[in-house]
Amino acid sequence: MKRIFATAVSVAALAAIALPANAQFYKGKRITVVINYGAGGPTDVEGRLVARHLAKHIPGKPRVIVKNIPGAGGIIGSNYMGQVAKPDGLTVAIHTPPIISQVLSDPGLKIDFSDFIWLAGVGQPQVCYMRKDAAPGISTVGDILKAKIFKAGGMRNTSSHDLRLRLSLDLMGAKYKYVTGYRGLSKVAAGVLQNETQYSCGSVPNYRSMVEPNLVNTGKALTMWYYAPVNAQGKQVKFADLAGIPTFLDVYKKLHGGMPSGMKYTALTLVNNLATFMLRGSFVPAGTPKAAVDALRAAWRALPDDQEFVSEYRRAFKADPKILQADVAQAHVDKIKSMDPKVVSFLKKFVTGS
């Protein structure tokens, strides 16, 4: 019996050794996914969908739970990941990272995004919409130039959402009053629904799940445009899943007869490219064990081929997931330190109104 027991122990030990290090790392453990916006909003909805399917592909099959840490345009959750979360592989961010806040030296942001270990990202454009009863009435996109002063709703003056909103409306020549302070895109959309504001923008998940059914399909609002990124050759990169919606530049050219120019357009292009290329990001604190990082990155790599995930994502957002893997996400974040200082200086002045 002793020999049999000893043999069984030896076999179990050899089996454990045979398992990959990342599978051994997570076996019997629990991961907390931190989302930096409130429950029910687009970051939360997309983050929970991703987390649920990601869990299937993490070696060792750990439990995965979600924790929302909202506030300050996503900054509080990001600070938590850099200042509080332990680098033990058990706390993972799926955020809408306020990277532009770092570019603008927002005093509320206490961390450097390039210090994190990046696992992946998800690209996502932003769609804008306007109430049809904004005076004197909005029946076509071009009517925005006839509108009297309307209120445009935002979240934080240093956020990419608010910067794009203001820069594009300025370039378009619209007359508006900027209202900020909403805690997330779901609150922004609710503000337009309740006629506290008349214009705003949202990510595709926000647009598809809240704006389209509650504002557009009910006839209360008109879809205006989406912000297509611009490549190095100055050409728009359009999204097939938004084929029925014009881009901001298409609308601008139609209403003004040519392309926008000047520092505001340069700044809009930079901010939009930065935010659209990677709207969501997943990362862990610096110092996280390699076995954990390897396991999490492997799980992200598996998602594009997970047909159950892709199908559920399509049903929810009427779009394909645009996943960036770790090396691309890390390189994207590292770019922020080499941004044109003239544009950064302009944006800092634009934010403060100086």
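Please treat every number below as a calculation from the coordinates, not as lab data. From a predicted model like this one, the values you see are computed outputs, not experimental measurements. Ideal geometry is used to build each Cβ from the backbone, glycine not excepted, and the neighbour counts take in all protein chains shown.
Here, the stretch 218-260 is characterised by an Rg to Rh ratio of 1.03, where Rg is the alpha-carbon radius of gyration and Rh the Kirkwood radius. Dividing the mean sequence gap of close Cα pairs (under 8 Å, 6+ apart) by how many residues the stretch 126-275 holds gives a relative contact order of 30 percent.
Mean-square fluctuations from a GNM of the chain, with a 10 angstrom spring cutoff on Cα atoms, peak among Pro285, Pro213, Pro246 at Pro213.
When DSSP beta bridges are restricted to pairs lying wholly in the stretch 126-275, around 65% turn out antiparallel.
Among Val211, Val230, Val127, the residue with the largest mean-square fluctuation in a Gaussian network model of the chain, with springs joining Cα atoms closer than 10 Å, is Val230. If R0 is 51 Å, the Cβ-Cβ spacing of Arg301 and Gln83 corresponds to a FRET efficiency of close to 0.95. In this structure, Lys132 and Asn231 have a Cβ-Cβ separation that, at R0 = 30 Å, corresponds to a calculated FRET efficiency of about 0.35. In order along the stretch 120-129, the Karplus-derived 3J(HN,Hα) couplings, from 6.51 cos²θ - 1.76 cosθ + 1.60 at θ = phi - 60°, round to 4, x, 9, x, 6, x, 10, 10, 10, 8 Hz, and Gly and Pro are given as x. The helix-only estimate of mean residue ellipticity at 222 nm for the chain, built from DSSP H runs of length n ≥ 4 each weighted as -39500 (n - 2.57), is -12000 deg cm²/dmol after division by the residue total.
Run the numbers for Ser345 and Asp170: contour at 0.36 nm per residue of separation, minus the present Cα-Cα distance, in nm.
Details: separation 175, 0.36 × 175 = 63.00 nm, distance 1.81 nm.
Full extension of this stretch gives 61.2 nm more.
Placing pseudo-labels 7 Å out from each Cα toward the beta carbon at Arg63 and Lys177 gives an inter-label distance of 5.0 nm.
Kirkwood radius and radius of gyration were both taken over the C-alpha atoms of the stretch 126-275, and their ratio Rg/Rh is 0.93. So which residue, out of Ala316, Ala51, Ala331, gets the largest mean-square fluctuation from a GNM of the chain using Cα contacts under 10 Å as springs? Among Ala316, Ala51, Ala331, the largest GNM mean-square fluctuation belongs to Ala331. Each peptide in 339-352, 27-40 receives the mean, over its residues, of other Cβ atoms within 10 Å, and ordering these scores from highest gives 27-40, 339-352. Annotation: amide H-H contacts under 5 Å for Leu324 (H modelled 1.01 Å from N, sequence separation of 5 or more, or interchain): Gly121, Val122, Gly123. The fewest-to-most ranking of His53, His161 by surrounding Cβ atoms within 10 Å reads His53, His161.
Multiplying the residue separation of Arg52 and Ile149 by 0.36 nm and removing their Cα-Cα distance gives an extension gain of 30.5 nm.
As a size descriptor, the averaged projected area of the C-alpha convex hull of the chain was calculated at 19.5 nm². Between Met259 and Ala316, the modelled labels are 3.7 nm apart [label points 7 Å from Cα along Cα→Cβ]. Could you give the Stokes-Einstein D for the stretch 163-231 in µm² per second, using the C-alpha Kirkwood radius, 37 °C, 0.692 mPa s? Taking Rh from Cα pairs, D becomes 255 µm²/s.
The 3J(HN,Hα) values that the Karplus relation (6.51, -1.76, 1.60; θ = phi - 60°) gives for the stretch 287-296 are, in residue order, x, 4, x, 4, 4, 5, 4, 4, 5, 5 Hz. Gly and Pro appear as x.
Cβ crowding within 10 Å, taken as a proxy for footprinting-reagent exposure, orders Arg280, Arg164, Arg48, Arg301 from fewest neighbours to most as Arg301, Arg48, Arg164, Arg280. With a/c under 1.5 counting as rounded, go ahead and sort the stretch 226-354 into rounded, prolate or oblate using the C-alpha gyration tensor (a ≥ b ≥ c being the square roots of the eigenvalues; past the cut-off, prolate if a/b is larger than b/c, else oblate). Oblate, because a/c is 1.5 or more while a/b does not exceed b/c. Using the Cβ-Cβ distance between Thr32 and Asp250 with R0 set to 25 Å, the FRET efficiency from 1/(1 + (r/R0)^6) comes to roughly 0.05.
Taken one residue at a time, the phi angles of the stretch 183-199 give Karplus couplings (6.51, -1.76, 1.60, θ = phi - 60°) of 8, x, 5, 5, 6, 4, 4, 5, x, 6, 4, 8, 6, 5, 10, 10, 8 Hz. Gly and Pro are set to x. Taking the fewest neighbouring Cβ atoms within 10 Å as the starting point, the ordered list for Lys148, Lys187, Lys253 is Lys148, Lys253, Lys187. Annotation: for a label point projected 7 angstrom from Cα along Cα→Cβ of Ser114, residues of the stretch 312-350 with backbone N closer than 17 Å are 327-345.
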